[in-house]
Structure formats: C-alpha cells, structure tokens
Amino acid sequence: YGRAVRTGIVWDGEAISKPHPAAALLRLIGCRGPEETLGVLFTDSRNKPVGFAAFSAGAASYAAVSPGGVLRRALLCGAVGIVIGHNHPCGVLNPSAEDRHLTVKLKEAAELLELTLLDSLLLADDGRYLSFVEKGLMRAR
C-alpha cells in the first residue's frame, strides 16, 4: 500500500467525507488515462486517508480486481474505511453490471471484517465523476 508522503502526492489532511475530494485523490494516484485503472483509498475512523493503492490497469473497457486483495491491503494499513474508484476512459459514467457486482461483493466482504466501503466512484478524465452513494446505488454505512 502507498502513503502520500512516500510517493510525493500531497494531501492537506482533510477527511474524505464527500465524493469530490475522493475523486481528486484517486485521479492523483493514477485513475485516469486510456486504460481502466482501479484505485483504492484507505481511511481511518475519521475518514482521513491512511493509504492508497492502484490495483489494476485493465483494458480500455474493464479493470479486474480481487476483493481479497483490496481487503488485505486495508488490514495492512490499519484502515477502517475504503473508497474504490476507477476511470472510464470513454467518459461515459454509467455503471456496468461488473461495476455494480464488484461494489456489492466488496461491500459484503468488507462488512465481514468490520470494515466499511464508504463509496464506489466512476471517474471521467474531464473531472466528472459518479458516486454510487450520491446516485442511491449503495447505502453509506
């Protein structure tokens, strides 16, 4: 897992309590460009970032990730919260069946470990994003 200080990414220490700053940080760690890349933010009990990881660089239309791999990293950095996000290179921010399936699987698996999936974000390179929580596609906490 990564930490902002080791990678040169500067974050002002604000909590990730809304989708917009989460989307900005996910873009900084590599969720942008011509291939789908899935990034994960790990947070403490106050939703401050304690780590992050870029898990996969897929093809132009998908990014593969294992919920177990995400959760292992969360436990290693002492996180209690998780925000996942990946870019949609085509710019269309409609969640696919795979996007919804991964979100449900990760949310259920995280709950078994007493971790919380805070949100799942889809990102466009032009700054737009879709939040599963804001769109009512998942419940926060």
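The values are calculated or read from the model by the stated rules, or taken from the named source; none is laboratory data. As the structure is a prediction and not an experimental result, all values here were calculated from the model. Using ideal geometry, Cβ is built from the backbone for each residue, glycine included, and neighbour counts are taken over all protein chains shown. All accessible areas refer to the heavy atoms of the entire protein, side chains included, with ligands and DNA or RNA removed. Shrake-Rupley method; radii C 1.70, N 1.55, O 1.52, S 1.80 Å.
Restricting attention to region 4-12, does a residue exist that is out of contact with any Pro (no Cβ under 6 Å at 6 or more places or on another chain), at pLDDT 80 or above and crowded, with 16+ Cβ neighbours inside 10 Å? Taking every residue of region 4-12 in turn, none turns out to be out of contact with any Pro (no Cβ under 6 Å at 6 or more places or on another chain), at pLDDT 80 or above and crowded, with 16+ Cβ neighbours inside 10 Å. Here the condition is being surrounded by 15 or more Cβ atoms within 10 Å (Cβ to Cβ), in contact with a strand residue (DSSP E or B) (Cβ under 9 Å, 6 or more places away or on another chain) and without any contact (Cβ under 8 Å) to a residue 24 or more places away in the chain; of 99, 119, it holds for 99 alone.
Here residue 114 meets each of (1) open to solvent by less than 30 Å² (accessible area, probe 1.4 Å); (2) without any contact (Cβ under 8 Å) to a residue 40 or more places away in the chain; (3) within 20 Å of residue 17 (Cα to Cα) with one exception, condition (1).
Quick one: is residue 134 within 15 Å of the chain's Cα centre (by Cα) and part of a loop (DSSP other than H, G, I, E, B)? So residue 134 fits the description; yes. The residue that is nearest to residue 36 (Cα to Cα), among those in region 78-95 that are modelled with pLDDT under 90 and surrounded by fewer than 21 Cβ atoms within 10 Å (Cβ to Cβ), is 89. Tallying residues that are at positive phi and at pLDDT below 90 within region 96-124 yields 0. Of the residues making up region 73-94, those that are of a type in the set (A, V, I, L, M, F, W, C), part of a loop (DSSP other than H, G, I, E, B) and closer than 16 Å to residue 132 by Cβ are 92, 93.
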